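Q: Take a look at the following structure, please.
Every number in this text was worked out from the coordinates using simple rules, so none of it is lab data. Quick caveat, the model's predicted, so the values are computed rather than measured. Note that we place each Cβ from the backbone using ideal geometry, even for glycine, and neighbour counts take in every protein chain shown.
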Amino acid sequence: MSRRILVGVALLWAVPAMVSAASQQARRDRPNIVLIVGDDMGYHDIGLHGSTDIPTPHIDSIARAGVRCTSGYVSGPYCSPTRAGLLTGRYQQRFGHEFNPGPPGPRTEQVGLSLDEQTLPQKLRTAGYATGMVGKWHLGHAAPFHPTARGFQEFYGFLGGAHPYLPGRDPVNNRVMRGSTPVDETEYLTDAFKREATSFIDRHKSDPFFLYLAFNAVHTPMHTVDRYRSRFPGITDPKRQTYAAMMSAMDDAVGDVLARLKANGLDDNTLVCFISDNGGPLAVNGSDNTPLNGRKATTWEGGIRVPFMARWPGKIPASRTFDRPVIQLDLHTTALAAAGVKTDAGPKLDGVDLLPYFSGRRGGDPHEALFWRFGEQTAIRVGDWKLVRAAGARRGMAAVSPGMLFDLKSDIGEKMDRAAGQPERVKSMQAVWERWNAELKAPTWGPARARAAADNDD
């Protein structure tokens, strides 16, 4: 055989190997992204925040392997607005998504996440990612708003704001669906979402993927099963015991997702983030927001400050605590930065890439200020100072409060109003909020409930 033929044969063998090596390198350069959202969780109800009656080892492990944000916020104290902000990376009030869209029906047929907004899965799918969603959507019921019309190649879950957990109780107008086809789910719903999430990982382990796992736990209705309830014989309050069981089921599901990443050799090349969509509604589901004031549907800390953590081995140092204010909008921008997707096209994002802050390469506050508007309730945080107008909570106020000023560094429970002693700070912060508010749209639709502090959000 001539030398030329031998070289040609060698090249034929070498080219696939070179392509494979290049493909593997590209795969390593583009991490998987897993974004996990809990629903209506109490701030105190994870081990890292001091819970002693509900162990959450798997949720806690995300922070122990990465970073826990002690001033982590969401941009709305309610389910749907938070999700709209998360998936767009923009304050949802910019496009009128201030309140929940309400249950499916003629009045809400054309209500959903603005079709003018580009979503995180749309951007990642364009960049070559496999995109899948499991769980609660709550961003519109009609076909144009469906997850598979907004960037997700796969969807398993329900479209509304709440859903029964037990088999055989599917609402007629809010079925569990695979894609757009209703299915008869036979498992406890949190377990079913675990099954679907781990299956997605198995099926896409060779591709860069984005998995959005949006649990409805621990939102009402309060449903559990014996294998989870039996873990909490020492909790005598029935609602709290059910809540604990539902939290435990979700923690198990998070653990299975993390284990599946590891089993597939994806542990070191996956950015995993975990948040709750808002604070706990307290008496409604038995949650605990200690040491925060307020609850879901208020702009007190108990409505908007949430468990917030992320891990990415080798990129985010383990067991790091980050104390400066961050918001769920940042996770959108951070995911795009991790994937190498440019963010200079389209409307300006309000989120910030947190990776340089988490790694320690950049210091200071990621934001000059964080903002909230929820009907008449408002808030702004600048550094450690928060100016807030909020509804009731444990202050005994039936209406929205006047502007109150708190130093959150020394008063996380919002107990001592400093407004009277710092009129210039109040004036300055209010002016910054007014400038932000001038950029926003009026709400596209009204509240899903008449009361500003409504507890349930179907």
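Q: Ignoring the sites themselves, what is the longest stretch of the chain with no GluC sites (Glu not before Pro) in a DSSP loop and at most 11 other beta-carbon atoms within 10 Å?
A: 1-367
Q: If each of T52 and L166 carries a label point 7 Å out from its Cα toward its Cβ, how far apart are those two points in nm?
A: Computed distance between label sites T52 and L166 equals 3.3 nm.
Q: 222 nm [θ] for the chain, helices only, -39500 (n - 2.57) per DSSP H run of 4+, per residue, to 500?
A: On the way: 11 runs with 132 residues, N = 458.
Calculated from helices alone, the mean residue ellipticity at 222 nm is -9000 deg cm²/dmol.
Q: Remind me, relative contact order of region 370-437 in percent, using alpha carbon pairs under 8 angstrom and six or more residues apart?
A: Here the relative contact order equals 25 percent.
Q: If you take every residue apart from L258 with its C-beta less than 13 Å away from the C-beta of L258, what net charge results, scoring Lys and Arg +1 and Asp and Glu -1?
A: Working: positive: R64, K194, R260, K262, R311; negative: D60, D251, D252, D256, D267, D268.
Local net charge: -1.
Q: Taking every alpha carbon pair in region 62-214, what does the distance histogram look like in 10 angstrom bins from 0, in percent?
A: Answer for region 62-214: a P(r) of 11, 37, 38, 14, 0 percent.
Q: Starting from the alpha-carbon convex hull of the chain, give the projected area averaged over all orientations, in nm².
A: Averaged projected area of the chain's Cα convex hull equals 24.9 nm².
Q: Here's something else I'd like to know. Which whole-number percent gives the relative contact order of the chain, counting Cα pairs below 8 Å spaced six or more residues apart?
A: Computed value for the chain: 24 percent relative contact order.
Q: Please report the antiparallel percentage of the DSSP beta bridges confined to the chain, to the nearest 5.
A: 50 percent
Q: Sticking with this structure for a sec: For every other residue with a beta carbon closer than 10 angstrom to the beta carbon of A214, add +1 if it is Lys or Arg and -1 if Asp or Glu, then tell me the sum.
A: Neighbourhood net charge equals 0.
Q: Here's another thing I want to ask about it. What ranking do T126, T190, T52 get, fewest neighbouring Cβ atoms within 10 angstrom at the top? It would help to have the intermediate numbers written out before the result.
A: On the way: T126 12, T190 27, T52 7.
Least to most surrounded, the residues fall as T52, T126, T190.
Q: Mind listing the phi-derived Karplus ³J(HN,Hα) values for region 188-201, rounded to whole Hz, using 6.51, -1.76 and 1.60 with θ = phi - 60°, and x for any glycine or proline?
A: The phi angles translate into 3, 4, 4, 5, 5, 5, 4, 4, 5, 5, 5, 5, 4, 4 Hz.
Q: Shape of region 370-437 from its Cα gyration tensor (a ≥ b ≥ c, root eigenvalues): rounded if a/c is under 1.5, otherwise prolate when a/b > b/c, or oblate?
A: On the way: a/c = 1.59, a/b = 1.10, b/c = 1.45.
Taking the square roots of the gyration eigenvalues as a ≥ b ≥ c, region 370-437 is oblate.
Q: Still on this structure, I have one more. Within straight cross-link reach of K296, meaning Cα distance under 13 Å, which aspartates and glutamates are found once same-chain residues fewer than 8 apart are removed?
A: Partners within reach: D39, D40, D277, D288, D455, D457.
Q: OK, next. At a 10 Å Cβ-Cβ cut-off, how would you order Y243, Y212, fewest neighbours first?
A: With the fewest neighbours first, Y243, Y212 line up as Y212, Y243.
Q: With a ≥ b ≥ c the root eigenvalues of the C-alpha gyration tensor of region 119-163, is it rounded (a/c under 1.5), prolate (a/b larger than b/c) or oblate?
A: prolate
Q: Could you list K441, K415 in order of exposure, starting from the residue whose Cβ has the fewest other Cβ atoms within 10 Å?
A: K415, K441
Q: With each label point set 7 Å from Cα along the Cα-Cβ vector, what nm distance links R227 and R362?
A: Placing both labels 7 Å beyond Cα along the Cβ direction yields 4.5 nm.
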